[in-house]
Amino acid sequence: MAFEQPKLNYAFDALEPHIDTKTMEIHYGKHHTGYTNKLNAAIEGTALDGKTIEDILTGLDMDNKAVRNNGGGFYNHNLFWEVMAPNAGGEPTGELAEAINAAFGSFEAFKDAFSNAAATQFGSGWAWLCVHKGGKVDVCSTANQDNPLMPGIGCGGTPILGLDVWEHAYYLNYQNRRPDYINAFFNVINWETVSKKYAEMK
């Protein structure tokens, strides 16, 4: 059964001015669509056909570049769109806030760690907030379309928040100012969604 690209829960212009309309149109409509189609082509007729994307990635043969790149691109973007919303931002509450405070000392310290992971990822990649069994959280970055579900990649655990730092995610609006884009991302994080993911995965 082929994977389908999830529909956005908001309009392309809903995250303005933090993420611009044209970038959303291209990013979702071209890049994410491309990863989805190429993933389906790569697994069609193989033993991976019919598996969940999580099962594919956790058991991945890392030498299978077509599935690694496009499966990662499909999963990563699914999460990226889901954890953003218009009129969002602020800080998490409840159990997630407690886990962040336990791991980093404060929300501001977490924000600094996450921003640093995103800013210092050389070239294309992602920054992640991941949860481990037992509820511990940590931050890491990965290259290209890799993610922590893949064997031996990043900090392990399950991603509950991801920031795309490929240039196609921000260059039309921010050019080479990646730190400005990272800072803007915190204005569109839907902490309610991230908190639900934390509760499900811990």
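The values are calculated or read from the model by the stated rules, or taken from the named source; none is laboratory data. Owing to the predicted nature of the structure, the values given are computational and were not obtained by experimental measurement. Here the Cβ is made from the backbone with ideal geometry for all residues, glycine too, and neighbour counts use every protein chain on show.
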| When you scan region 83-98, how many residues do you find that are buried (at least 18 other Cβ atoms within 10 Å of the Cβ), closer than 23 Å to A11 by Cα and not small (G, A, S)? | 2
| request: With the checklist (1) crowded, with 16+ Cβ neighbours inside 10 Å; (2) assigned to a loop (DSSP other than H, G, I, E, B); (3) modelled with pLDDT of 95 or more in hand, flag the one item I153 doesn't pass. | output: (3)
| request: Return the only residue of F80, F74, F110 being within 12 Å of L163 (Cβ to Cβ), within 17 Å of the chain's Cα centre (by Cα), touching a residue at least 24 places away in the same chain (Cβ under 8 Å) and assigned to a helix (DSSP H, G or I). | output: F80
| field | Residues of region 33-58 satisfying the condition of being in contact (Cβ under 8 Å) with a residue 60 or more places away in the chain and either surrounded by fewer than 22 Cβ atoms within 10 Å (Cβ to Cβ) or touching a His at 6+ places or on another chain (Cβ under 7 Å) (or both) | value | Y35, E54, T58
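Give region 153-183 a look and list any residue that's among the hydrophobic types (A, V, I, L, M, F, W, C) and within 27 Å of G135 (Cα to Cα), or say none.
I153, C155, I160, L161, L163, V165, I182
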| note | Taking region 84-107 and keeping residues more than 17 Å from P159 (Cα to Cα), touching a residue at least 60 places away in the same chain (Cβ under 8 Å) and not small (G, A, S) leaves P86, E91, T93
| query | Only one of (1) aliphatic (A, V, I, L, M); (2) assigned to a helix (DSSP H, G or I); (3) buried (at least 19 other Cβ atoms within 10 Å of the Cβ); (4) under 18 Å from the mean Cα position of the chain (by Cα) is not met by I26, so which one is it? | reply | (3)
